[in-house]
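Every read-out reported here was derived from the displayed coordinates using simple, explicitly stated rules and does not represent laboratory data. Predicted model, so just to flag it, every value in this text is computed and none were measured. Cβ atoms come from the backbone with ideal geometry, glycine included; neighbour counts cover every protein chain shown.
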Amino acid sequence: MALLEYLVILPVGIYLIFNSFYLFISAVAGWFGGKDDVPVTKQPTRTRRIAVLVPAYKEDKVILDSVQVNLQQTYPADFYDIFVIADSFRPETLQELSHLPVKVLVVSFEQSTVQKSLTKALEQLPQGVYDIVLVSDADNHMAPDFLHRINLAFDSGWRAVQGHRVAKNTNTSVAVFDAMNEEVNNHLFRKGQRALGLSASLIGSGMAFEPETMKRAMHQIQSVGGYDKELEMLLLTEGIQIAYLNDALIYDEKVQNLEVFERQRSRWIAAQIHFVKLYFGTGMRQLLRGNLPAFNGLLKGFLIPRILYLALLTFGTFLGLVLGIQPVFQFFGGLLAILVFTLLTSTPGYLWKKISMGDLLTLPLLIFRMIRSLLKVKAASKKFMHTPHGETVAKEN
């Protein structure tokens, strides 16, 4: 093998091995702990005041239902307020919200982003009134004991926590796979990371912080999308680790069709690339200072999206088999086996029971859409691509 070929192939091989073993180690660790929940029966030392911030862009279809569900907390009603940050809502929706016991902050931006909405709301929060700021998406439904569990975590000394986001719907094949992806992320990047002594990954909703800490970080964020990655890194560089509350459930609407899936993944990949470019130097400096959780935050940015990685390893294995090149077949086949084991053991059983033959036939379409989403990354990096909610689709058979 020519030296030039070797110098190209070796780094690529190391990079693929890194992807497989990072996920595998996180998966194994997730089975040995990684939960920071406090027993729900424990009495907190005090009841903290919580501001629930709900950034909502054109979410007229889901906001009223979500607000009504989220007002049914077991947490004392006098100790939490829901703030709907209404961007581009219809007048009739605002009128209906005015009849509910929530606070509505109407905002408008030339280019709307979640980060801008949250920053605006944080600026308008009264000083010294709230002890915790919690972020919930417009479609999210908090379990009745969600705020109680958040308060218990802060009672234990945590300054930042991530709840357990689970699927609210599995009514289409796309939604089923999206739900599986969510739970795999929970197992790998929250339970697994915490079991390894690292910080849980933020996911954009169902997360809570000290108000001043969040306000300070949000003013530094530069992302169009994927602000949660930056927020996580900024917290970690301050030495603030993030807890994972596996039993604090918040239900999230999953993507129901291929078009929305493709648009959402374009936004996620663009955010990942932007994050690595912006925080590569920061992550390396944190490594030199011994801040492994912050360096790990950078490492996660180098992971290939799993569905693309699955397709890549499958193609490499097939190519090695067809061409009869044993080293290629063994290399890609071995990594593929590790990845498949990781995914199988990281997905909860209740979701496997929902898989049908029709769902399996949708998988190649998801892979195709994921590959096609790469073509839209540049556009997604410049303009916020909204994911619509409340568009009910019937389950395919």
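For the chain, the relative contact order works out to 22 percent when only alpha carbon pairs closer than 8 Å and six or more residues apart are counted.
Here the simple spin-label model places points 7 Å from the Cα toward Cβ, and for F21 and S156 these points are separated by 3.2 nm.
Packing, taken as the mean count of other beta carbons within 10 Å per residue, orders the peptides 108-120, 294-306 from highest to lowest as 294-306, 108-120. Using the empirical formula 2.2 N^0.38 Å as the baseline, the Cα radius of gyration of the stretch 50-259 reaches a ratio of 0.97. By the count of neighbouring beta-carbon atoms within 10 Å, fewest first, V28, V40 end up ordered V40, V28.
When the inverse distances between all different Cα atoms of the chain are averaged and flipped, the Kirkwood radius reads 22.1 angstrom. Excluding residues on the same chain fewer than 8 positions from K103, give the aspartates and glutamates whose Cα lies under 15 Å from its Cα. The qualifying aspartates and glutamates are D78, D81, D87, E123. With R₀ fixed at 22 Å, the C-beta to C-beta distance from L365 to T314 puts the FRET efficiency at about 0.90. Projected label points at D65 and I14, each 7 Å from Cα along the beta carbon direction, are separated by 5.1 nanometres.
Here the label points at V322 and D131, each 7 Å from Cα along the C-beta direction, are separated by 6.2 nm in the simple model. Amide H contacts of N246: D36, D37, each under 5 Å away and 5 or more positions distant or on a separate chain (H built 1.01 Å from N in the peptide plane; Pro and chain starts excluded). Please identify the DSSP H helices in the chain that span no less than 24 Å along the helix axis (Cα) and have a mean Kyte-Doolittle hydropathy of 1.0 or more. Helices meeting the criterion: 3-30, 306-323, 326-346, 357-373.
Applying 1/(1 + (r/R0)^6) with R0 = 51 Å to the Cβ-Cβ distance of Q222 and S356 gives a FRET efficiency near 0.75. The order of W31, W158, going from fewest to most other C-beta atoms within 10 Å of their C-beta, is W31, W158. Which residue, F332, F177, F24, tops the fluctuation ranking in a GNM of the chain built on C-alpha contacts under 10 Å? Evaluated over the chain, the most mobile residue of the options is F332. Ranked for footprinting exposure by Cβ neighbours inside 10 Å, fewest first, H141, H99, H219, H148 give H99, H219, H148, H141. For the options T45, T170, T237, a Gaussian network treatment of the chain with springs between C-alpha atoms closer than 10 Å singles out T45 as fluctuating the most. State the Cα centre-to-centre distance between the stretch 301-365 and the stretch 134-161 in whole Å. The two parts, judged by their Cα centres, are 35 Å apart.
Dividing the mean sequence gap of close Cα pairs (under 8 Å, 6+ apart) by how many residues the stretch 50-259 holds gives a relative contact order of 28 percent.
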